[in-house]
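Before any comments, here is the structure.
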Amino acid sequence: MNTTTTEPLSDAALADSLKGGFVSRYADVSGTRLHYVEGGAGRPLLLLGGWPQTWWQWHRVMPALAERYRVIAVDLRGMGGSGKPVGGYDKKTMAGDIRELVEQLGLKSVSIAGHDIGAMVAYAYAASYPDATDKITMLDVPHPDGGWSDFGLLPEPDQHADSVIESGARSYLWWFAFNQVAELPELLLEGRIRLLLDWLFGRQAADPGSIDEFSRRVYAEAYSTPEAIRAGNAWYRAFNKDILDERAYGKVSAPILALGGDRSNYRYLRNLMPAKGADVRVVEVGDCGHYIPEEQPRAVIDALIGFLG
């Protein structure tokens, strides 16, 4: 699509800008409201995004996917146009939100592709609702597990504190701790979230320009308020609950495709994910950092079509 800095950022306008007959809609679920964008026709495919983005992070893959599937890109609880309640940000509860949405849409079973926080929710959905899951795709991030409790407060000698895509060392995820702090992030970032966005995109994308200026404006507006910052951080504050839930899940029975950027989490996923499901394949996405749907949309489209059929 072509965008300029004067184009409107409303979800309705953004949805209308995409080929595939996409429309912006809402559903009331689990005591909150979910916003989603729907288009295309065929078997249902839900797209769940991550922090600090919105459903818009899928805009480069949605039109092509809509030629084959009924594409439903959802703003998770706390994200974008969705409600931002006080609680419920553990991934099991968020998967329950998605289950209610699926039922309201009259669907019995769905495939889900999730990136970042959305990947965690996709996994929790498959673990919690196996009979309502066809296949799931997890982009660059797994569900929190016991290993996450070992993340240190200080970076170790072989960790990069200023970048996450430099080869030869592990990344230091300092924002995992920052997002745990109550109230301070809202005070620091209200009206200044663009500073954090640009830092993350500049250090987590192999080509920072793949997240264009227009998209950065979309995300900055979505996270500009204290409520939005608090809600996004709440996904991280729920990690301890997520770790406990994961211990009880067992292996996921639905087929799992994990996509990892070669300059991000591919090696991590390759070593971790085979133990998490009964049918798991892990694929490396070349010349790619963390933001796979925007950095390498063609690779995502081809991988999903090949996996889903």
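The values are calculated or read from the model by the stated rules, or taken from the named source; none is laboratory data. Just so it is clear, the structure is predicted and the values come from calculations on it, not from any experiment. Every residue, glycine as well, gets a Cβ built from its backbone with ideal geometry; the counts of neighbours run over all protein chains shown. Surface accessibility is based on the protein's heavy atoms, side chains included, excluding ligands, DNA and RNA. Shrake-Rupley method; radii C 1.70, N 1.55, O 1.52, S 1.80 Å.
Counting other C-beta atoms within 10 Å, and keeping those with at most 14, which DSSP coil GluC sites (Glu not before Pro) do you find in the range 57-128? All intermediate terms of the calculation are to be shown ahead of the outcome.
On the way: sites: E67, E100, E103; in loops: E67.
Answer in residue order: E67.
Loop-located trypsin sites (Lys or Arg not before Pro) in the range 125-214 (DSSP state other than H, G, I, E, B) with a sparse environment of at most 16 neighbouring Cβ atoms within 10 Å: R192. Based on the Kirkwood approach, the hydrodynamic radius assigned to the range 128-266 is 17.2 Å, with every pair of different Cα atoms included. The A182 and R267 beta-carbon pair, evaluated with R₀ = 30 Å, returns a calculated FRET efficiency of approximately 0.30.
Per residue, the average separation of C-alpha pairs within less than 8 Å and at least 6 apart gives the chain a relative contact order of 18 percent. Dividing the convex hull volume of the alpha-carbon atoms in the chain by its residue count gives 117 Å³ per residue.
Order of 204-212, 271-279 by packing, highest average Cβ count within 10 Å first?
Numbers: 204-212: 17.8, 271-279: 15.6.
Ranking, from highest mean packing down: 204-212, 271-279.
For the cross-link pairs K91/K276; K108/K241; K92/K241; K108/K135; K91/K251, which exceed 18 Å when the distance is taken from alpha carbon to alpha carbon?
On the way: K91/K276 16 Å; K108/K241 28 Å; K92/K241 9 Å; K108/K135 13 Å; K91/K251 16 Å.
Too far apart for the 18 Å limit: K108/K241.
A 1.4 Å probe run over the protein chains yields, for the chain, 40 Å² of accessible area per residue, whole-number rounding. Placing +1 on each Lys and Arg Cβ and -1 on each Asp and Glu Cβ, with no other charges, gives the range 179-278 a dipole about its Cα centre of roughly 480 debye. Working value for the range 186-309: equivalent-ellipsoid semi-axes of 29, 22, 12 Å, each the square root of 5 times a Cα gyration tensor eigenvalue, largest first. Here the chain exposes an accessible surface that is 50 percent carbon and sulfur, computed with a 1.4 Å probe and the other protein chains kept in place.
Place a +1 charge on the Cβ of each Lys and Arg in the range 1-159 and a -1 charge on the Cβ of each Asp and Glu, then give the dipole magnitude about the Cα centre in debye, rounded to the nearest 20. Intermediate results must be reported in sequence, preceding the final value.
On the way: 14 positive and 19 negative charges, 114 e Å.
Dipole about the Cα centre, nearest 20: 540 debye.
Charged neighbours of R33, selected by a Cβ distance under 14 Å, balance to -3 (K, R count +1; D, E count -1). In a fully extended conformation the segment linking W148 and E67 would gain 25.3 nm over its present Cα-Cα distance, using 0.36 nm per residue.
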